[in-house]
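Input: a single structure, listed below in structure tokens.
Nothing in this text is a laboratory measurement; each read-out follows from the coordinates by a stated rule. As the structure is a computational prediction, the values presented were derived from the model and not from experiment. Glycine also receives a Cβ, built like all others from the backbone with ideal geometry; neighbour counts cover every protein chain displayed.
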Ligand code: SF4
């Protein structure tokens, strides 16, 4: 979500005639888009702001904006007191008004159409935000507090955004939301929205991120089985393999329900690639709970997993860590090793199979299952081609392009 917001902010600057630069010396304005999902992210944002004091001294006429979730949580008053050289603070809840309220003050808007530019992924991929905020209440999560309850963008606005990004060169659209499959637009369901986006001319692949296990509708699996442009990949956060911890986390499902959902999705698309998120060291997590998480790695056949240590927050003493740092570190290392071993197995299973690859260069692309794929020759940026997988190394498949 922060990457997508950063791109929207970048695009707003470009519409006003600015160019993006990563050279501070050339910058007329600097935007720090902050994250607070973990304490460490917030600490990094604070250090980054501190380091910009030097830039502001050298460029007193330059503008320094602090935006995003940590800005929302800490507040403008606190940040401006601590860093008086900051010009404006815009929290995550007001990020959509950033262009009208602040960038507009910087200079004239030539109202020019600017090409889509993805700052974080390949130029062929574009993010389209379809909802903001989250109405769930996972016990460890700060998102609902800093981004507010779920608000869905209208189907028309989403289709317009996606169509303009495709027109500007995107071949792959990634629909984004904290619980992206909870999206509703009046009587239009999430699956119906997917169908409408899939029908846009020029689109070659559609992904969405991140769905929540609670919100898969019955019509989704049929759509997934039918629509080849819908990526054979899903990032489906599970967080823990222990029912006791899932309940404490208020995730709303059990391990068995999560696995049953995977089974249902894989019945529709047997080679569906699924990645996930895990948190280790949640307050009260016993060794037994952790072993349940460990065993889920293999049972879920995940292609990849983001594993995080539970992040205690200073402002939530009731949620302080109870597992020792050494034990959490040891669990994290075991989990990472299991994920690596399992990813290797899953990747090796792809050898000898045919993958549909969207190429980013002549020799590199992404399979529908989100695997990185290398070929010696035969690709072209923006082209979809079938590749026979002949090998797998680290996280990358290698293969031969098929005509
Ligand atoms: S569903 Fe995701 S964003 Fe929403 S509260 Fe839970 S972890 Fe946070």
Item to check | segment 241-315-segment 324-403 distance, computed between alpha-carbon centres (Å) | outcome: 22
Checklist outcome for this item: Protection proxy (average C-beta count within 10 Å per residue), highest first, orders 353-362, 283-292 as 353-362, 283-292
Checklist outcome for this item: Shape call for the chain, from the Cα gyration tensor axes a ≥ b ≥ c (a/c under 1.5 means rounded, otherwise prolate when a/b beats b/c, else oblate), comes out oblate
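Below 8 Å, C-alpha to C-alpha, sequence gap of six or more: please give me the relative contact order for the chain in percent.
Details: 731 pairs, mean separation 39.4, N = 403.
Rounded, it is 10 percent for the chain.
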Checklist entry - Put a dot 7 Å past each Cα toward the Cβ at residue 306 and residue 21; how far apart are the dots in nm? => result 3.2
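Based on DSSP H runs of at least 4 residues, each adding -39500 (n - 2.57), what is the mean residue ellipticity at 222 nm of the chain after dividing by all its residues, to the nearest 500 deg cm²/dmol?
Details: 13 runs with 140 residues, N = 403.
Computed ellipticity for the chain at 222 nm equals -10500 deg cm²/dmol.
Below 8 Å between Cα atoms, with a sequence gap of 6+, how large is the relative contact order for segment 2-106 in percent? Don't jump to the answer; show the numbers that get you there.
Numbers: 124 pairs, mean separation 27.5, N = 105.
This gives 26 percent for segment 2-106.
Hey, with R₀ at 60 Å, roughly what FRET efficiency would residue 192 and residue 57 work out to, going by the Cβ-Cβ distance, to 0.05? Can you show the working numbers first?
Details: r = 54 Å, r/R0 = 0.90.
E between residue 192 and residue 57, to the nearest 0.05, is 0.65.
Could you calculate the contour length gain from residue 244 to residue 322, that is, 0.36 nm times the residue separation minus the distance between their Cα atoms, to one decimal place in nm? Provide the component values of the computation, followed by the final result.
Details: separation 78, 0.36 × 78 = 28.08 nm, distance 1.55 nm.
Gain on extension, residue 244 to residue 322, equals 26.5 nm.
Want the number for residue 291 to residue 215: 0.36 nm per residue separation, take away the alpha-carbon distance, what's left?
Numbers: separation 76, 0.36 × 76 = 27.36 nm, distance 2.73 nm.
Gain on extension, residue 291 to residue 215, equals 24.6 nm.
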Next on the checklist: Given an 8 Å cut-off on Cα distances and at least 6 residues of separation, report the relative contact order of segment 48-89 as a percent.
Outcome noted: 44
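If the chain between residue 354 and residue 97 were fully stretched, how many nm would it gain, using 0.36 nm times the residue separation less the Cα-Cα distance? Don't skip to the answer; put the middle values down first.
Details: separation 257, 0.36 × 257 = 92.52 nm, distance 4.55 nm.
Stretched fully, the residue 354-residue 97 segment lengthens by 88.0 nm.
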Item to check | Distance in nm between pseudo-label sites at residue 47 and residue 264 (7 Å out along the Cβ direction from Cα) | outcome: 4.4
